[in-house]
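The values are calculated or read from the model by the stated rules, or taken from the named source; none is laboratory data. It should be emphasised that the depicted structure is a prediction, and the values quoted were computed from it without experimental measurement. Glycine also receives a Cβ, built like all others from the backbone with ideal geometry; neighbour counts cover every protein chain displayed. Protein only, heavy atoms only, side chains kept; ligands, DNA and RNA dropped before computing areas. Shrake-Rupley method; radii C 1.70, N 1.55, O 1.52, S 1.80 Å.
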Amino acid sequence: MELERVRPTVLRGTFHAYELAALAAAARYVTESEPPELPAEALAQLRQVLEEYDRQVRELSAPSGA
């Protein structure tokens, strides 16, 4: 994994596929288990991140020009 600060609030990450898959799996576990100590806002943000991740993965998997 490699992280680069692009701007104060923007980071660019380079991950091996297994590293990103591990992070996504952990995030899914948290959103599905909904631990009571996790604020609702944090849970909502995590779900939004997963939705965007899923959308991006679908686009990667789509044939070129689709």
**OP:** Tabulate in residue order the Karplus-calculated ³J(HN,Hα) for segment 50-57, using 6.51 cos²θ - 1.76 cosθ + 1.60 with θ = phi - 60°, rounded to whole Hz; enter x for Gly and Pro.
**Re:** 5, 4, 5, 4, 4, 5, 5, 5
Original post:
With θ set to phi - 60° and the Karplus curve 6.51 cos²θ - 1.76 cosθ + 1.60, what are the ³J(HN,Hα) couplings of segment 13-30 in order, to the nearest whole Hz, using x for Gly and Pro?
Top reply: x, 10, 10, 6, 4, 5, 5, 5, 4, 5, 5, 5, 5, 5, 5, 4, 4, 5
Original post:
Which percent of the accessible area of the chain is formed by carbon and sulfur heavy atoms (probe 1.4 angstrom)?
Top reply: 57
**OP:** Would you mind working out the accessible area per residue for the chain, using a 1.4 Å probe, and quoting it in Å²?
**Re:** 85
Subject >> Zero-based 5 Å bins, Cα pair distances in the chain, whole percents >> reply: 3, 14, 18, 21, 21, 15, 6, 1, 1
Original post:
Any idea what the relative contact order of the chain is, in percent, if you count C-alpha pairs under 8 Å spaced at least 6 apart?
Top reply: 19
Subject >> GluC sites (Glu not before Pro) restricted to the chain and DSSP loop, no more than 14 other C-beta within 10 Å >> reply: Glu37
Subject >> Stretch gain in nm, segment Thr14-Tyr53, where the contour uses 0.36 nm per residue and the Cα spacing is subtracted >> reply: 12.6 nm
Subject >> Cα centre as origin, Lys/Arg/Asp/Glu Cβ charges: the chain dipole, Debye >> reply: 240
